[in-house]
Amino acid sequence: MIFPRYHLEAEDSLEVFEFISVGDKGEIVKIVQFLQISDSFYNLGFGDKNLETGEISDIIVSNNGDSRKVLATVAASVYAFTSKYPNVLVYATGSTKARTRLYRIGITNNLDEILKDFEVFGLKNDEVQKFKKGVEYQGFFVKRRG
């Protein structure tokens, strides 16, 4: 995706990324974490970094005025992670229905571009199906195309 995004910092495993959101509320450190669930299945966690504990808070609503740039940066982390681990399935969902809807809109608006590199699936009623525009999903899966 060719959108403005923030510079990502990552450890060698590319399982944890950090970047700084710069906007209306100042600088906010964000974390993207790929948590291994099984051999080839990872959950994408994303949120603000708690500077005291180092943990992710996916509940905080930053409203920093840069949501497109933040989402493009998270997408860039998925590209980087799946470049290193091309055979994994990555699952993502929002911490609220509104955030899941935001992710669905982001996928929908960029679907043609995303489909060049990924297979995209949605989780609906606990069933995985090929992603379709206009369908409300519980979460999303992506897998690099071979």
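The values are calculated or read from the model by the stated rules, or taken from the named source; none is laboratory data. Nothing here was measured: the structure is a model prediction, and the numbers come from that model. When we count neighbours, we look across all protein chains shown, and the Cβ atoms used for this are built from the backbone with ideal geometry, even at glycine. All accessible areas refer to the heavy atoms of the entire protein, side chains included, with ligands and DNA or RNA removed. Shrake-Rupley method; radii C 1.70, N 1.55, O 1.52, S 1.80 Å.
Among the residues of the range 103-126, are any over 17 Å from Ala72 (Cβ atoms), of a type in the set (Phe, Trp, Tyr) and either at pLDDT 90 or above or out of contact with any Ser or Thr (no Cβ under 7 Å at 6 or more places or on another chain) (or both)? There is at least one residue in the range 103-126 that is over 17 Å from Ala72 (Cβ atoms), of a type in the set (Phe, Trp, Tyr) and either at pLDDT 90 or above or out of contact with any Ser or Thr (no Cβ under 7 Å at 6 or more places or on another chain) (or both). Counting only residues that are open to solvent by 60 Å² or more (accessible area, probe 1.4 Å) and touching a residue at least 40 places away in the same chain (Cβ under 8 Å), the range 7-24 holds 2 of them.
Scanning the range 5-41 for residues that are of a type in the set (Gly, Ala, Ser) and farther than 12 Å from Ser62 by Cβ yields Ala10, Ser13, Ser38, Ser40. Scan the range 40-96 for residues that are in contact with a Gly (Cβ under 6 Å, 6 or more places away or on another chain) and of a type outside the set (Ser, Thr, Tyr) and the total you get is 6. Filtered by the rule that a residue be closer than 21 Å to Asn109 by Cβ and within 15 Å of the chain's Cα centre (by Cα), the range 33-65 gives Leu44, Phe46. Listed here are the helices (runs of 4 or more DSSP H) enclosed by the range 32-146 that have at least 2 residues being touching a residue at least 40 places away in the same chain (Cβ under 8 Å) and open to solvent by less than 70 Å² (accessible area, probe 1.4 Å): 67-84, 111-115.
Per-residue answers, yes or no, for (1) at pLDDT below 95; (2) among the aromatic types (Phe, Trp, Tyr); (3) closer than 21 Å to Val90 by Cβ:
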residue	(1), (2), (3)
Ser21	no, no, no
Asp24	yes, no, no
Ser38	no, no, yes
Asn50	yes, no, no
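Within 15 Å of the chain's Cα centre (by Cα), closer than 24 Å to Val16 by Cβ, among the charged types (D, E, K, R) and at pLDDT 95 or above - does that describe any residue in the range 84-101? No, the range 84-101 has no match at all.
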